[in-house]
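Q: Sharing a structure below in structure tokens format, with a few things to ask.
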Amino acid sequence: MSSDHPKTVAPRAAGQLTLVAPRRAKPARHLADLSMDERRSAVAELGEKAFRADQLSRHYFERLTGDPAAMTDLPAASRDLLTTALLPSLLTSVREITCDGGTTRKTLWRLFDGALVESVLMRYADRTTMCVSSQAGCGMNCPFCATGQAGLTRNMSTAEIVEQVVAGARALAAGEVPGGAGRVNNVVFMGMGEPLANYKAVIGAVRRLVDPSPHGLGISARGVTVSTVGLVPAIGKLAEENLPVTLAVSLHAPDDELRDTLVPINTRWKVAEVLDAAWSYAAKTKRRVSIEYALIKDVNDQEWRADLLGKLIKNKLVHVNLIPLNPTPGSKWTASRPQDERAFVRRLESHGVAVTVRDTRGREIDGACGQLAAAE
Ligand code: SAH
């Protein structure tokens, strides 16, 4: 099939997109939801000395424990009170699947209200990356993405997002992941959900990730990537946060005609507007923007599209990350042929654009995007 309008691409109406999450009961308040000042007030309200908030924070963010028995610097009577009030259990592991000799580990979590989300730990020779979810489900309705098919259940809280990283950090610290004890170096918001549609909770989570202990986990902001379909106003807001996180834009097509179908929010914010927002982000943060492009056989992998993309982004602070499509169950689409992928890379490079092809870790464990939750 070589048509530019493959019949398998069903255009979705903009009305089906869900930018605002439905209102539901909220997850319990957790220390990771709160700034240090808020934690001190919360502890004081419980009748405890405010500095107990710092001690409790060190247990959680530094020693990665929520076990009152391990908190020997706290009076016995305070431990249970503080952990019950500020370290409620938010995530329950439902299923865990590993591959790559145990260095890729995907977890399906159940939240307090039964909602399911996924996170993935990927350990490489020189670093460990956690891929986290920011929403249960997703309202963006991208037809090639497993999460998009089920719609949005709800936004996750800041602490629910942070807990996924802490769980990974615990497993690494405990030596459960082959390669010896280690730590989380990178966090990518590329699990379920559209992070910029859950802006406040996601920014809170990023702050907890990057703030040094006892405020947070102390991961370098440069190691954090927020990936978005291209919610233009939110990209503008993110640029003002003074957080030098990497912005990834899921482009998947350089032309509005195709992008309207692959990333339906494009009917609201066009390719040109999304790229302008990305360049402003790069100018403000001095961070190289990443363009995500899932290569789908005969849908978006033509050389002319590589050329068009190259022209749109050349001479910018940008890098293209090509992702071989991970077909979702029942999908007619599949990854590009190797020769088409190579040609796409060459065309982009001919414009002087930096390109990488993402490794396909976790493919055999339905590594991409909501496939585990969909199977459940
Ligand atoms: N909502 C955000 C982040 C979640 S998805 C976003 O869209 O950027 C993370 C990345 O995986 C996105 O680039 C997304 O388009 C891509 N993706 C989703 N489903 C995929 C699939 N089946 N194969 C390859 N990449 C996929």
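Q: Take region 296-317 and flag every residue that is away from the ligand (no atom under 15 Å from the Cβ), in contact with a strand residue (DSSP E or B) (Cβ under 8 Å, 6 or more places away or on another chain) and open to solvent by less than 30 Å² (accessible area, probe 1.4 Å).
A: If the condition is that a residue be away from the ligand (no atom under 15 Å from the Cβ), in contact with a strand residue (DSSP E or B) (Cβ under 8 Å, 6 or more places away or on another chain) and open to solvent by less than 30 Å² (accessible area, probe 1.4 Å), then I313 is the only one that fits.
Q: State which residue is farthest from G182 (Cα to Cα) when the search covers only region 50-65 and only residues that are among the aromatic types (F, W, Y) and buried (at least 23 other Cβ atoms within 10 Å of the Cβ). Quick ask: steps written out before the conclusion?
A: Pass one, region 50-65, residues among the aromatic types (F, W, Y): 51, 60-61.
So of that shortlist, the ones also buried (at least 23 other Cβ atoms within 10 Å of the Cβ) come out as 60-61.
Values: Y60: 17, F61: 15 Å.
The extreme case among them is Y60.
Q: Take the conditions among the aromatic types (F, W, Y), within 13 Å of the chain's Cα centre (by Cα) and more than 16 Å from P22 (Cβ to Cβ) and apply them to F144. Does it pass?
A: Judged against the criteria, F144 is not a match.
Q: Of the residues D80, D113, D126, which is of a type outside the set (G, A, S), under 25 Å from A25 (Cβ atoms) and out of contact with any helix residue (DSSP H, G or I) (no Cβ under 9 Å at 6 or more places or on another chain)? Give the derivation first.
A: Values: D80 fails: out of contact with any helix residue (DSSP H, G or I) (no Cβ under 9 Å at 6 or more places or on another chain); D126 fails: under 25 Å from A25 (Cβ atoms).
Residue meeting the stated conditions: D113.
Q: Return the residues of region 74-99 that are assigned to a helix (DSSP H, G or I) and either buried (at least 18 other Cβ atoms within 10 Å of the Cβ) or polar (S, T, N, Q) (or both); say none if nothing qualifies. Give the derivation first.
A: Residues of region 74-99 assigned to a helix (DSSP H, G or I): 76-86.
Listed by number, the residues that qualify are S78, R79, L82, T83, T84, A85, L86.
Q: Please indicate, with yes or no, whether at least one residue in region 107-130 is in the same structural domain as H215 (by TED's automatic domain parsing), over 25 Å from G218 (Cα atoms) and within 14 Å of the ligand (Cβ to nearest atom).
A: no
Q: Scan the helices (runs of 4 or more DSSP H) fully inside region 207-295 and keep the ones with 2 or more residues being open to solvent by less than 40 Å² (accessible area, probe 1.4 Å) and of a type in the set (S, T, Y).
A: Values: elements: 232-239, 256-262, 271-285.
In region 207-295, the matching helices (runs of 4 or more DSSP H) lie at 271-285.
Q: Does any residue of region 305-319 turn out to be in a strand (DSSP E or B) and either modelled with pLDDT of 95 or more or outside the structural domain of F189 (by TED's automatic domain parsing) (or both)?
A: Step one: of region 305-319, the residues in a strand (DSSP E or B) are 318-319.
Restricting the remaining residues to those that are either modelled with pLDDT of 95 or more or outside the structural domain of F189 (by TED's automatic domain parsing) (or both) gives 318-319.
Scanning region 305-319, I find at least one residue that is in a strand (DSSP E or B) and either modelled with pLDDT of 95 or more or outside the structural domain of F189 (by TED's automatic domain parsing) (or both), so the answer is yes.
Q: Inspect all residues belonging to region 284-291 and state whether any of them is within 12 Å of the ligand (Cβ to nearest atom) and under 27 Å from V232 (Cβ atoms).
A: There is at least one residue in region 284-291 that is within 12 Å of the ligand (Cβ to nearest atom) and under 27 Å from V232 (Cβ atoms).
Q: When you check G102 against the structure, is it in the same structural domain as N326 (by TED's automatic domain parsing) and within 16 Å of the ligand (Cβ to nearest atom), yes or no?
A: Taking the combined requirement at face value, the residue does not satisfy it.
Q: So for region 243-262 (the condition being within 13 Å of the ligand (Cβ to nearest atom), closer than 25 Å to T18 by Cβ, modelled with pLDDT of 95 or more and touching a His at 6+ places or on another chain (Cβ under 6 Å)), does at least one residue qualify?
A: yes
Q: Another one. Tell me which strands (runs of 3 or more DSSP E) are completely within region 134-197 and hold 1 or more residues being of a type in the set (F, W, Y) and either within 11 Å of the ligand (Cβ to nearest atom) or open to solvent by less than 30 Å² (accessible area, probe 1.4 Å) (or both), or say none if there are none.
A: Values: elements: 135-137, 152-155, 186-189.
Those strands (runs of 3 or more DSSP E) span 186-189.
The values are calculated or read from the model by the stated rules, or taken from the named source; none is laboratory data. Keep in mind the model is a prediction, meaning the values are calculated, not measured. Because the Cβ atoms are built from the backbone with ideal geometry, glycine has one as well, and the counts that use them run over all protein chains shown. Ligands, DNA and RNA are stripped out before the accessible areas are found, and what is left, the full protein with its side chains, is counted by its heavy atoms. Shrake-Rupley method; radii C 1.70, N 1.55, O 1.52, S 1.80 Å.
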